[in-house]
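Notes for the one structure printed next.
The values are calculated or read from the model by the stated rules, or taken from the named source; none is laboratory data. Quick caveat: nothing in here was measured; it's all calculated off a predicted structure. Reconstructed Cβ throughout: ideal geometry from the backbone, glycine too, with neighbour counts over all protein chains shown. Please note that ligands, DNA and RNA were not included when accessible areas were found on the heavy atoms of the full protein model with its side chains. Shrake-Rupley method; radii C 1.70, N 1.55, O 1.52, S 1.80 Å.
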Amino acid sequence: MPVATADQYAEMLDRAVGGRFAFPAVNVTSSQTLNGVLRGLVDAGSDGIVQVTVGGAKYLGGGDALAGARALAAMARELAAPLDVLVAVHTDHAPPDSVDGFLRPLLADSGRRRANGEGPLFNSHMFDGSTLPLEENLGRSSELLDIAAAAGVVLEVEVGVVGGEEDGVRGPDGDRERLYTTTPDLLRTAEVLGTGERGRFLLAATFGNVHGVYAPGHVELRPGILDDGQAALASVRPGARFAYVFHGSSGSPADDVRAAIAAGVVKVNLDTDAQYAFTRAVAGHMLANFDGVLKVDGGIGRKADYDPRSWGAKAEAALAAHVAGAARLFGSAGRSLLRS
Ligand SMILES: [Zn+2]
């Protein structure tokens, strides 16, 4: 089955909202990482999301982020076609200065595809306006929501600020309270963007999340903030629920992850821990085979050891195992739309 259609992605998200589970959304930067993620999803029988940041797309595209994003979407379409799980493609964390050169052209691609009766190029895009004042963030998000909805694309927005750093985008250092979205901000988001009637959106609401991995005690997650938001929303719009996104899940205790999913998280981003799983396997190969990957003391090394496929296959297998484990924790394992 190819990449999810707009209707299939909507059904994936509906099932996650209703079934209280979440999809792994894994950052990729290459064909190796893409293949590792796809294999992990298949092994777990889980649908899922592959995503690139603007920086990841730039790397993938040899310096051209737009070309890299388009190449990833095309590659995912080819490689996912024979699989028996559904894969959605997403771009993550586009800051305001990437909207014109990155988000709008990709949305225009999807608009053209839709006019030709095809599915969108990307199933969803994140606009990260968290550095802007709330009203400006929501105003820009609102404009992008209209464009996305017309192209059959879901928009992800961020309200509150994720701490730490990802791809050069840094959260706040000093003011820890800014890491926690407030209920009034969540309600204001629903007031401006609606709850689906104008177009579907995913909400990266922050509850203490920080990108990256830190020593225990550095990060204090409060998933109750997400529950409070759902309760407040239900009181003004009966039956409505936010579809939350969990950024900065790496290093989080499993109980916090489960609590966040129970509170309505449907997409959990995996980056730092997945990067480590991949690179740890490469490091293991290099250290165990140093005299094969290096020409030591006038030796000639061993082609079988320095062929990029030998260490690449190990890295992909390690990434796949990490993704499959995440799918089991998030409850998406064994629940692919295509196997039900
Ligand atoms: Zn993030």
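Within the range 119-148, which residues are assigned to a helix (DSSP H, G or I), more than 16 Å from the ligand (Cβ to nearest atom) and over 19 Å from the mean Cα position of the chain (by Cα)?
Hits for the range 119-148 are Leu134, Glu135, Glu136, Leu138, Gly139, Arg140, Ser142, Glu143, Asp146, Ile147.
Here are some conditions: (1) over 29 Å from Gln32 (Cβ atoms); (2) surrounded by 22 or more Cβ atoms within 10 Å (Cβ to Cβ); (3) more than 16 Å from the ligand (Cβ to nearest atom). Gly298 meets all but one. Which one does it not meet?
(2)
Does Ala240 fit the bill of being open to solvent by less than 40 Å² (accessible area, probe 1.4 Å), away from the ligand (no atom under 16 Å from the Cβ), assigned to a loop (DSSP other than H, G, I, E, B) and aliphatic (A, V, I, L, M)?
Values: open to solvent by less than 40 Å² (accessible area, probe 1.4 Å): yes; away from the ligand (no atom under 16 Å from the Cβ): yes; assigned to a loop (DSSP other than H, G, I, E, B): yes; aliphatic (A, V, I, L, M): yes.
Here the answer is yes, as Ala240 does meet what is asked.
Restricting the range 75-118 to residues that are open to solvent by 50 Å² or more (accessible area, probe 1.4 Å) and under 18 Å from the mean Cα position of the chain (by Cα), which is farthest from Phe201 (Cα to Cα)?
The selected residue is Met75.
Pairs, please: C-beta under 9 Å, at least 6 apart or cross-chain, first residue more than 16 Å from Leu221 (Cβ to Cβ) and part of a helix (DSSP H, G or I) and in the range 254-280, second within 13 Å of the ligand (Cβ to nearest atom) and not β-branched (Val, Ile, Thr)?
Pairs that qualify, where the first residue is more than 16 Å from Leu221 (Cβ to Cβ) and part of a helix (DSSP H, G or I) and the partner is within 13 Å of the ligand (Cβ to nearest atom) and not β-branched (Val, Ile, Thr), are Ala274/Asn27; Ala274/Ser250; Gln275/Asn27; Gln275/Ser250; Tyr276/Ser250.
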